[in-house]
């Protein structure tokens, strides 16, 4: 019961994040909407694992969180430099 | 138990509804940056749906390729081109809609013959699946049957796939390289 209520709450929040991604006038609101949506997908998979009595899904949701991070890095790099091949200017740390 | 089935149905319906809304929005929005963001959301929804349908490995691939790699690739394409789509006068929109509706109807008609989801009498569950599920623990010793199929029963197949991916990665590195990096200073010398 508790997990079902939590899943309903996550789905409602997903609807709100999706609305922000659809309307979102600025670039940043859309980036944030996608980021929030990825976090909500992670939470939904974790909750579904407990609903279905398979808490091993927690591992899967951790990997999703890592993937979500990569996309956000690429998007913020694009917004900052408007170029994915931004040089490292001789910095030994690379273009991180 | 009923509540579990109910919540699983609710999640299915909610994910499919979100995917429908996102798909229509992707087709209609002209700001391509927003389209890339929405396609990332679409992949996450698809991955969640695959998890609910018990296809955990497919869901993982969808999340890694759809939400991770293809978002990065499309953002890179936007950086090289433009993030506005030219509005084309489309007089063939109705023809396209009719073709899509016909193909969709044919696919739905074809799916009517398929066994129900999770049907234990389906041909896919009758052939080699019982052997994998019953004997893989004794034969391979891995708790996850999917892993033992991929890594041991079909080990040569998986090794071939790894070779293909490795070759593709080598080709991409040869083509792209790191030409944007500044050449190292000559005076330092290299040991």
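Brief remarks on what is shown
- Spin-label pair residue B:92/residue B:165, simplified geometry with 7 Å Cα→Cβ offset, distance in nm: 3.7
- For the stretch B:95-134, the Stokes-Einstein estimate of translational diffusion at 10 °C and a viscosity of 1.306 mPa s comes to 127 µm²/s, using the Kirkwood hydrodynamic radius over alpha-carbon pairs.
- Pairs of Cα atoms in the stretch B:11-98 fall into 10 Å distance bins, from 0 up to the last occupied one, in shares of 17, 38, 31, 13, 0 percent.
- Per-q log10 I(q)/I(0), the stretch B:121-180, q = 0.14, 0.23 Å⁻¹ (Debye; single scatterer per alpha-carbon; no solvent): -0.57, -0.91
- For chain B, built as a Gaussian network whose Cα springs stay under 10 Å, the top-fluctuating residue of B:98, B:176, B:75: B:176
- In this calculation the C-beta distance from residue B:28 to residue A:58 is compared with R0 = 30 Å, giving a FRET efficiency of 0.20.
- Normalised by the number of residues in the stretch A:1-43, the mean separation of alpha-carbon contacts (under 8 Å, six or more apart) gives a relative contact order of 38 percent.
- Cα Rg, Dmax, the protein assembly as shown, angstrom units: 22.8, 75
- With N counted as the residues of the stretch A:2-81, its alpha-carbon radius of gyration over 2.2 N^0.38 Å works out to 1.21.
- Mean Cα-pair separation over length for chain B, i.e. relative contact order, pairs under 8 Å, 6 or more apart, %: 13
- GNM flexibility winner over chain B from B:162, B:72, B:172 (Cα, springs under 10 Å): B:172
- Over chain B, the hull volume per residue, using the convex hull of the C-alpha atoms, is 242 Å³.
Any read-out appearing in this document is the output of simple, stated calculations on the displayed coordinates, not a laboratory observation. Source: prediction; values computed, not measured. Because the Cβ atoms are built from the backbone with ideal geometry, glycine has one as well, and the counts that use them run over all protein chains shown.
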